[in-house]
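One structure below.
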Amino acid sequence: APGRGRDHLCGAPPFSAADEGVQYVEEKTLMLVSGASIKLGSDAALGAPAQFLPCPTPYGISCASACWRRGVLAFAEKGLRPAIYVHSFPSLKRVAKLEGGADLEVCALSFARNDPWLFSLSLEPDLSFTVWDWQAGSIVCRGKALNQSVHLLANPSDRHFPAMVTRAAITLWHVRRLHEEYTLDAVQVAPPPADEDEDTVLGALGGGRDDEGAVGFSAIGWGADDTLYASTLSGALCCFEAPSGTEILERRAALPGAASVLTVLRKHILAAVGPAVHFIDLESRALCLTVQLGSAVLTLDLAPSCVSLVAACADGEVRKLVLARPEQIPSTPDAAARPEQ
């Protein structure tokens, strides 16, 4: 679905969450990891009666992912040689049990949006990057990552270009088909030197750097046309082409600080920096709107209809943000209205 924005963010009352990873599994329904179960409930209040999908083993769940377009969710069990379980939603019927992809615990999962592929990554020193066909219940191909990922993110427009980010570099994977088999190529993208982003437009965004001189990445987010946006630890906002990893220098901008999450909409980037969510215009790269959530934002997830988001925060709460009046999203700081409370 195309991204949408607005000029008023309405902050709904926070509801409790047992885990920081909260995702939409369908419109108005969220899922999160709760001990050895997946908890599913309304995005209005997860404290209300909810469904629980238990892990079939007592070891607990290491990570989970959902794909509302395909109507499925997946989770990995903790422990050695873990299995990954794929279930349909809302029936919660098991679709597949995926085995043999890793020797150590799986630390990240991400679904391809339009195809029955699932990407997984295991912990160090195993670092097995596996591409699954969850409908067939089989491995498409495997590779070895260089470092443990902070975040693994499938490209929503092309299943062949998943990306992962570590503090030191971005890995752009390319799944290639050779005759009847698939192979993996990887391109390592290093952050720009700290002194190279001194001339970015940080002053226009009205911020200061928390990690002066730090070199590394903090977050990534897929844009349109196989472009990947990334935040550096020093607050630079970069844009790279996939699968080459070439930076589009004219799109270089800056953030008020290192972002923990980047979400790219049709005309704006949402960047979570500390307790604030910043709306940045894609064309001008100007800061249009800032919403304070009261606690550092750990994750953001956009609803299928693109009219609301959920933000998991460091205080253990999850806050829902409603995207109202998408046709009136501001394009400049002067046009931004004060968010409704």
Report summary line: Taking region 83-111 and keeping only residues that are open to solvent by 30 Å² or more (accessible area, probe 1.4 Å) and touching a Pro at 6+ places or on another chain (Cβ under 7 Å), one is left with E105
Query raised in the report: Which residue pairs have Cβ atoms closer than 8 Å, lie 6 or more positions apart in sequence or on different chains, and pair a first residue in region 265-287 that is farther than 25 Å from D315 by Cβ with a second residue that is of a type in the set (K, R)?
Result: L265/R4; R266/R4; D281/K267; L282/K267; E283/K267; R285/R251
**Report entry** Filter result (aromatic (F, W, Y), open to solvent by 50 Å² or more (accessible area, probe 1.4 Å) and either at pLDDT 95 or above or not in a loop (DSSP other than H, G, I, E, B) (or both)) within region 42-76
**Finding:** F52
**Report entry** Criterion: among the hydroxyl-bearing types (S, T, Y), farther than 17 Å from A190 by Cα and touching a Leu at 6+ places or on another chain (Cβ under 8 Å) - qualifying residue of S149, S157, S120
**Finding:** S120
Requested in this report: Consider T130 carefully, then state whether it is polar (S, T, N, Q) and open to solvent by less than 20 Å² (accessible area, probe 1.4 Å).
Outcome: yes
Requested in this report: Please go through region 302-315 and pick out each residue that is modelled with pLDDT of 90 or more and surrounded by fewer than 20 Cβ atoms within 10 Å (Cβ to Cβ).
Outcome: A314, D315
Query - The one condition in (1) farther than 16 Å from S308 by Cα; (2) open to solvent by less than 20 Å² (accessible area, probe 1.4 Å) that H278 fails to fulfil - result: (1)
**Report entry** Every residue from region 156-193 that is of a type in the set (A, V, I, L, M, F, W, C) and over 24 Å from D133 (Cβ atoms)
**Finding:** V165, A168, A169, I170, V189, A190
Query - Selected residue (only one of N114, N147 is touching a residue at least 40 places away in the same chain (Cβ under 8 Å), open to solvent by 20 Å² or more (accessible area, probe 1.4 Å), polar (S, T, N, Q) and assigned to a loop (DSSP other than H, G, I, E, B)) - result: N114
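The values are calculated or read from the model by the stated rules, or taken from the named source; none is laboratory data. The shown structure was predicted, so the numbers you read here are calculated from the model rather than taken from an experiment. Cβ coordinates were reconstructed from backbone atoms using ideal geometry, including for glycine residues, and neighbour counts include every protein chain displayed. What goes into the accessible areas is simple: the full protein's heavy atoms, side chains included, and nothing from ligands, DNA or RNA. Shrake-Rupley method; radii C 1.70, N 1.55, O 1.52, S 1.80 Å.
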